[in-house]
Amino acid sequence: MTDFTDMLSKAKKMQERMKEVQKTLENIEVEGTAGGDLVKVVLRGDYEMKSILVTEKAKNEKREIINDLIIAAHNDAKEKLKKKTSEELLKVSGASNLPFDFKLPF
């Protein structure tokens, strides 16, 4: 029965570590850019958008181009956040092949 108790103890410790990691990940912020920095988007670690900056130069463009730049900057930020999240999980878990879009179960 000690094996089962030991296994439960390890699982509980891992769950606690993962909760700590989740808190750390929520505090991460990344910036995505598009159009040579005409548009910048900042995402938080929980994928919530913190800000969008559209430069005055970009505002001279057609609406469709501005929309495309916002989308591109968001996608850039999202990819950077996936990479950063994976790096942080790697630091804690030691697992080398977690996917970039790994979701925590809690």
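The values are calculated or read from the model by the stated rules, or taken from the named source; none is laboratory data. Note that the coordinates shown come from a computational prediction; the quantities given were computed from them, not determined experimentally. With ideal geometry, Cβ positions are generated from the backbone for all residues, glycine too; neighbour counts draw on all protein chains shown.
Overview of values
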item	result
Within the stretch 69-90, considering residues that are touching a helix residue (DSSP H, G or I) at 6+ places or on another chain (Cβ under 8 Å) and touching a residue at least 40 places away in the same chain (Cβ under 8 Å), the one farthest from E31 (Cα to Cα)	L89
Single match in T5, T33 (criterion: touching a helix residue (DSSP H, G or I) at 6+ places or on another chain (Cβ under 7 Å), of a type in the set (V, I, T) and either in a helix (DSSP H, G or I) or modelled with pLDDT of 95 or more (or both))	T33
Counted residues, the stretch 8-30 - those being in a strand (DSSP E or B) and without any contact (Cβ under 8 Å) to a residue 24 or more places away in the chain	1
Restricting the stretch 1-36 to residues that are touching a strand residue (DSSP E or B) at 6+ places or on another chain (Cβ under 9 Å) and among the charged types (D, E, K, R), the residue that is surrounded by the fewest Cβ atoms within 10 Å (Cβ to Cβ)	E26
